[in-house]
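Below: the structure, in C-alpha cells.
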Amino acid sequence: MPQCRAAPKRSRLMRRPEMRPGKTRRAMAEGALFLLWASFVAAGCAAVASVLYALQPRFRFVWSTGRVEATEPPLPTPDPVPLRSPTLGGIATLSVWAAAGLGIVGLAMRSLALNHAPYSNLFEFSMSFGIAIVLLYGIFELRSGTRLAGAFVLPVACGLYGSALAFPSQGQEILVPALQSPTLLTIHVALMILSYAVLAVAFGAAAMHLVQGFPLRVEQLGGRYEWLPSAQRCDELTFRAVLVGFPLLAAGIALGAFWANDAWGRYWGWDPKETAALVTWLIFATYIHGRGLRQLRGARKAWIVVMGFFAVMFTYLGVNLWISGLHSYAGV
C-alpha cells in the first residue's frame, strides 16, 4: 500500500493563530469601550466649546480713534452687536458630530459582541441615552440654526457619559427572561431613549428661556440678554422639541405595555417605572394642553418643561437606584 505522506509542518512564522469566538467578542467589546471613551472626550470638547461660545464677550463696541475737539458734539455710540468666533462654533459643531459618530459605532460593536442591543444594564442605557442626546442635539442645531442651546444640553449628555464610564459593565451574553423579547423590547427601549433625548433638548431650550428672561413691556420683547435668542424664539424651540418627544414617549409607553403583557402576563401593573413614566407623560401633556389654550404664560411654560425633564431623570435613574420593582433587573 502506498504510504501517505504527512503534510509538511508549517514554521511558527507561517502559522496564523486562529482567534476563538470568545476572544473575538472580547476584542470587539474592548474596542467598543475605547470608542465610547473617545465619544465621551469629543462630547466634553463640544460641551466646553459650546459654553465658551455662549459666554464669549457679549458685545463689542466700535470706538472712534480720532481726536474730537471739546467744542464738537460727541460721536454717536453705535448699537452693540453680539459677535462670536465662528472657529469656536465650528469646533463645537464638529465635536458634536464626532461624538455622535464614535458613540454609534461603539454601541454597534458592543451589540455585536454581546449579541443583543445595548439595554441590558444601566451602563448601556446611560451610554445610549447620552449618545442619543448628542445626536439629536446635532440635528436640532442643524434645523434651528442656533448653537447656544448646546451650552445647556451637552453638559447633561456629558454627565450621563461620565456616570456610565465611571462604572463600566462587561455586559452579559445571556439575558434574563424578561429581556428575551428582542424585537419588541428593542423598539420599546429605543423609543424611550429617543423620547428622553428629545425632551433633554427641550429642557435645554427651556433653560435658555429662563436665563433669557421674560419681557414685561412691549419694548422689551427681546428679553434681557441680546447675546441669547429672544424669549419668543426660545419658547418656540422648546415647543417644537416637546412636539417631537411627546409622541415618542407615548409610543414607547404603549409598546412597553405590550412587552409587559408578553413578559409578565399583564399590560399595566403600576410598577414604579411604569408609574413614573406615566407621570412624566402627564406633565408634558399638561404643557401642550396649557400652551394650546394659552393658559400658560411667561415662566410657567418653561418651568413645566424643566419639571418634566426632572421627572424623566427620576424615571430613568431614580427608580433603578432607589426603588425596587420589575424594572430593577438591569442593575448598574
Worksheet item: So which residues in the range 245-267 are crowded, with 18+ Cβ neighbours inside 10 Å and modelled with pLDDT of 85 or more, if there are any at all?
Response: GLY245, PHE246, LEU248, LEU249, GLY252, ILE253, LEU255, GLY256
Practice prompt. Go through the range 121-148 and give me each residue that's among the small types (Gly, Ala, Ser) and either in a helix (DSSP H, G or I) or modelled with pLDDT of 90 or more (or both).
Written response: SER126, SER128, GLY130, ALA132, GLY138, SER144
Worksheet item: For the subset of the range 1-60 comprising residues that are under 30 Å from ARG147 (Cβ atoms) and of a type in the set (D, E, K, R), which member is modelled with the highest pLDDT?
Response: ARG58
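When you look at THR286, is it surrounded by fewer than 17 Cβ atoms within 10 Å (Cβ to Cβ), farther than 15 Å from MET192 by Cβ, of a type in the set (Ser, Thr, Tyr) and out of contact with any Cys (no Cβ under 8 Å at 6 or more places or on another chain), yes or no? First the steps, then the outcome.
Working: surrounded by fewer than 17 Cβ atoms within 10 Å (Cβ to Cβ): yes; farther than 15 Å from MET192 by Cβ: yes; of a type in the set (Ser, Thr, Tyr): yes; out of contact with any Cys (no Cβ under 8 Å at 6 or more places or on another chain): yes.
When the stated conditions are applied, THR286 passes them.
State which residue is nearest to GLU236 (Cα to Cα) when the search covers only the range 130-145 and only residues that are small (Gly, Ala, Ser) and under 11 Å from the mean Cα position of the chain (by Cα).
Within the range 130-145, the first condition is being small (Gly, Ala, Ser), and the residues that meet it are 130, 132, 138, 144-145.
The next check asks that each one be under 11 Å from the mean Cα position of the chain (by Cα); those that pass are 130, 132, 138.
Details: GLY130: 24, ALA132: 22, GLY138: 18 Å.
Among those that are small (Gly, Ala, Ser) and under 11 Å from the mean Cα position of the chain (by Cα), it is GLY138.
Hey, could you check the range 146-155 for residues that are within 10 Å of the chain's Cα centre (by Cα) and buried (at least 23 other Cβ atoms within 10 Å of the Cβ) and say which is farthest from ALA47 (Cα to Cα)? Write out each step before concluding.
Start the filter on the range 146-155 by keeping residues that are within 10 Å of the chain's Cα centre (by Cα), which leaves 153-155.
Narrowing further to those that are buried (at least 23 other Cβ atoms within 10 Å of the Cβ): 153-154.
Details: VAL153: 8, LEU154: 5 Å.
The residue in question is VAL153.
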Practice prompt. Could you tell me which numbered condition PRO118 fails, if it satisfies all but one of (1) at pLDDT 90 or above; (2) buried (at least 17 other Cβ atoms within 10 Å of the Cβ)?
Written response: (1)
Worksheet item: Which residue pairs have Cβ atoms under 9 Å apart, sit 6 or more places apart or on different chains, and have a first residue in the range 125-152 that is without any contact (Cβ under 8 Å) to a residue 12 or more places away in the chain and not assigned by TED's automatic domain parsing to the domain that holds GLY204 and a second that is surrounded by fewer than 21 Cβ atoms within 10 Å (Cβ to Cβ) and of a type in the set (D, E, K, R)?
Response: ARG143/ARG240
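Collect the residues in the range 292-303 that are closer than 20 Å to VAL211 by Cβ and either modelled with pLDDT under 85 or exposed (fewer than 15 other Cβ atoms within 10 Å of the Cβ) (or both), keeping them in residue-number order.
Within the range 292-303, the first condition is being closer than 20 Å to VAL211 by Cβ, and the residues that meet it are 296-303.
LEU296, ARG297, GLY298, ALA299, ARG300, listed by residue number.
The values are calculated or read from the model by the stated rules, or taken from the named source; none is laboratory data. Please read these numbers as outputs of a predicted model, since none were measured by experiment. All Cβ positions, glycine included, derive from the backbone under ideal geometry; neighbour counts span all protein chains shown.
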